[in-house]
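Working notes, beginning with the structure itself.
The values are calculated or read from the model by the stated rules, or taken from the named source; none is laboratory data. Since this is a predicted model, take the numbers as computed values, not measurements. Cβ sites come from the backbone with ideal geometry, for glycine too, and all protein chains shown count toward neighbours.
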Amino acid sequence: MKSAKFAIGQVVKHRVYPFRGVIYDVDPEFNNTEEWWLSIPEDIRPIKEQPYYHLFAENAETTYEAYVSEQNLLVDDTGLPVMHPYVSLVFGELKNGKYKVVDYQAH
């Protein structure tokens, strides 16, 4: 099994579509419905045997949650914060393209 290239808290962008986000969870390989996977156009449909990332995502119009294969992610090097409202609930400070993971158990 391949280890994840990106980390929880890291800001990334999609390779094809105009959105970016912060990773809040990682699946070692595809863990969504077959229906979801088949809804991706065949010419850009990613393989299942790779890490998949859950993102608090944003585009020019809105914020949402996204599920993206590793092959379709790139590092976002803008240094800009992700404006999704859940980011501040889950993460701390943004520094060098990565949000600090907050340990709520310590409170």
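Taking the criterion of being touching a residue at least 60 places away in the same chain (Cβ under 8 Å) and charged (D, E, K, R), the residues of the range 7-35 that qualify are Lys13, Arg20. Would you mind stating whether Val12 is at pLDDT 95 or above, closer than 15 Å to Tyr99 by Cβ and touching a Pro at 6+ places or on another chain (Cβ under 8 Å)? No; evaluated as a whole, the condition is false for this residue. Candidates are the residues of the range 50-107 that are exposed (fewer than 15 other Cβ atoms within 10 Å of the Cβ) and basic (Lys, Arg); the one that is farthest from the chain's Cα centre (by Cα) is Lys95. Here Lys5 does not qualify as basic (Lys, Arg) and more than 13 Å from the chain's Cα centre (by Cα).
Quick test of your reading of the structure: Glu42 fulfils all but one of (1) more than 22 Å from Lys100 (Cβ to Cβ); (2) modelled with pLDDT of 95 or more. Name the failing condition by number. Condition (2) is where Glu42 drops out. With respect to (1) farther than 26 Å from Gly92 by Cα; (2) among the acidic types (Asp, Glu); (3) in contact with a Lys or Arg (Cβ under 6 Å, 6 or more places away or on another chain), the lone exception for Asp43 is condition (3).
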